[in-house]
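Undergrad: Before I ask anything, let me first share the structure, which is written out below as structure tokens.
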Amino acid sequence: MTGTELRDHGMALVNEATPDQWKDEADSLIVSMARSGTEFTAEDVRAWVGNPPKANAMGARFMAALRSGIIQRAGWKHASRKEAHARALAVYKGVAA
């Protein structure tokens with residue numbers, strides 16, 4: 001398998017293992033933030049819907065939104081949550097309809 005195939009397989013597994021309620025709440029918020037016109041990060045979504053029940057579930061939801069054309073990357077910033085150790089964090093914005 002290629003790296004891309006392994007990534008996609010892992011995202012499919014985490015999506016299957018993540019409760020629908022959490023995925024629906026995260027997806028709804030991503031759409032709402034995209035429509036607002038403001039830039040946002042996974043930390044913003046986490047602040048509203050809570051920590052993902054599976055470690056990679058947040059990334060899988062953002063990848064789904066990217067692939068569906070709802071959002072696009074707008075840049076990078078350092079994470080502000082101390083447990084994130086200031087890692088690089090993608091900044092997103094909605095795609096104009």
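The values are calculated or read from the model by the stated rules, or taken from the named source; none is laboratory data. Because the structure is predicted, anything quoted here is derived from the model rather than measured. Ideal geometry is used to build each Cβ from the backbone, glycine not excepted, and the neighbour counts take in all protein chains shown. Please note that ligands, DNA and RNA were not included when accessible areas were found on the heavy atoms of the full protein model with its side chains. Shrake-Rupley method; radii C 1.70, N 1.55, O 1.52, S 1.80 Å.
Residues checked against (1) modelled with pLDDT of 95 or more; (2) surrounded by 17 or more Cβ atoms within 10 Å (Cβ to Cβ); (3) in contact with a Lys or Arg (Cβ under 8 Å, 6 or more places away or on another chain); (4) more than 26 Å from H9 (Cβ to Cβ):
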| site | (1), (2), (3), (4) |
| --- | --- |
| A55 | no, no, no, no |
| K82 | no, no, no, yes |
| V91 | yes, no, yes, yes |
| G94 | yes, yes, yes, yes |
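Undergrad: A further question on this structure: Taking the condition of being touching a residue at least 12 places away in the same chain (Cβ under 8 Å) and open to solvent by 90 Å² or more (accessible area, probe 1.4 Å), how many residues in the stretch 1-53 meet it?
TA: Here the count works out to 3.
Undergrad: Grab the helices (runs of 4 or more DSSP H) fully contained in the chain, keeping just those with 2 or more residues being touching a Phe, Trp or Tyr at 6+ places or on another chain (Cβ under 9 Å).
TA: Helices (runs of 4 or more DSSP H) meeting the threshold: 20-36, 42-49, 57-68.
Undergrad: Just need a number here: residues in the stretch 57-70 that are over 19 Å from W22 (Cα atoms) and either open to solvent by less than 30 Å² (accessible area, probe 1.4 Å) or under 10 Å from the mean Cα position of the chain (by Cα) (or both).
TA: Here the count works out to 0.
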